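First up is the structure itself, then whatever we jot down about it.
Laboratory data are not the source of any read-out in this text; all were calculated from the coordinates shown. Note that the coordinates shown come from a computational prediction; the quantities given were computed from them, not determined experimentally. Don't worry about glycine lacking a Cβ; one is built from the backbone with ideal geometry, like all the others, and counts go over all protein chains shown.
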């Protein structure tokens, strides 16, 4: 039971990550490889605050989200105007740098040995202890993230995002502030990823840089693209499938490390295959090329 | 005085490795106009091929290293032939190809991780670590080999691109695939040739790095970042420009490492990328980047 609840929390975390990435990747066509970095920034910000202060879950989450927004502006201020490939490269570089900082800034982040002993969190006096508590909080958090992203997607703001994906110059010619909208969407996406970081830091009570690597960013992007970008429930399904896959492999007797590698092999190989034969993803509506086509 | 000499030597050594990486990716970018992220996989495969031939099978290094480079060339051409060519035929945009190449990269890395284990492996060559002193700077024999090989391969690539038939074909396809087709040039074969050549160069860089700092399955990511930044710095139109992009990167990084602790080297590479993207956004918006389709 404890084991199942553990998997449920991990699914909730990755579902939040995938749905929040879909806001920029699926709606605006801005593919980002830095989502694990924002997840990590959120986790470290929460953990550091919990270790050096005595604030509760919600305070940590707000601080984590604010930190991630500040970091996202570092990327978007320089790169959001760029052509899709260059934006992706900028986020790729940012991801490697954040990992490097987490791994090397030993005085603050603990370096490779990470931050152990993150104290328990409480929400309005409710002390989170068991996996069940975290699964409940995670479910609530996932529901809120889903609704927030859905609200954004269905608002005029979301329409501008989709217009950007279709033809940014045309959207601009209609007087839309496309750069501002993209910056806002990227910040919102980073902030929601950081909120998953808060859940992760308190749930595992120990964090180290290996949970926030470029491979994790590729994994989250794969959940979005394989599940079906631009649909919100597609990335949700992608997260469920790709989180449960190694657990199922472990059930049939494959070691944890090999299961992780097999998952990486499967989603890596699936990306080109999905793009070639089912560009809509498992449940998606419109194809990659219709969405990301250069011109 | 010695500090300056050492700094120049370090810059040259780092720049030669980075230049070679930039050149290898630049050659492919110039004909295909998309960022081939699986180049990082080709690089890692080459390093592990050398490790498998020399350390595991006991092959002589003089035979093992060229074989590893040949494996890189074949693998690069295969990635193009089986991975990208079918997508190109479906009219895939550069960003689509990039995502596919990212998938190929992580899949190959997973295979290597299963086959060789996730940890660091080492390759040794007797005498490679022997110290050399020149003009007050100290470095190793391997590092001087890196500088010489890198400069030689740059010159060879430059001459081949401008004076050989294959080189001229690559430039023709790179500058205008449709026009090249009108003149009867088979673009797909030329593209595959550029993948083989660029991958062989990446293989050289990988084997040198394997002897210098060892190998691990994740080694391709930072090499890829360096190669991509070198291409962006050196200009995306001329493959040899990426060599100088990489060289510049090496010098700036070493000067930075002189001021900052060495573990911030990666941060310096990214800072250069960001500054460049920030200063010259027009070059990276549409234009050359969207010409591949």
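Below are the figures for this structure:
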| quantity | calculated |
| --- | --- |
| Which of B:80, B:60 has the fewest Cβ neighbours within 10 Å, and the rest in rising order | B:60, B:80 |
| Inter-chain Cβ neighbour average for residues A:255-268, partner chain, 10 Å | 4 |
| Label-point separation, residue B:122 to residue B:159 (7 Å along Cα→Cβ), nm | 3.8 |
| Sites residue B:183 and residue A:167, calculated FRET efficiency, Cβ-Cβ separation with R0 41 Å, nearest 0.05 | 0.75 |
| Helix-only mean residue ellipticity at 222 nm for the protein assembly as shown, each DSSP H run of n ≥ 4 adding -39500 (n - 2.57), per residue, nearest 500 | -24500 deg cm²/dmol |
| Number of partner chain Cβ atoms within 10 Å, mean per residue of A:92-102 | 6 |
| Chain B: Rg to Rh, with Rh as the Kirkwood radius over Cα pairs | 0.97 |
| Volume of the Cα convex hull of the protein assembly as shown, divided per residue and given in Å³ | 150 |
| Rg ratio (alpha-carbon, reference 2.2 N^0.38 Å) - chain A | 0.96 |
| Where labels lie 7 Å past Cα in the beta-carbon direction, separation of residue A:174 and residue B:260 in nm | 4.2 |
| Average beta-carbon neighbours from other chains, 10 Å sphere, peptide B:61-72 | 0 |
| Chain B, relative contact order in percent, only Cα pairs under 8 angstrom and at least six apart counted | 40 |
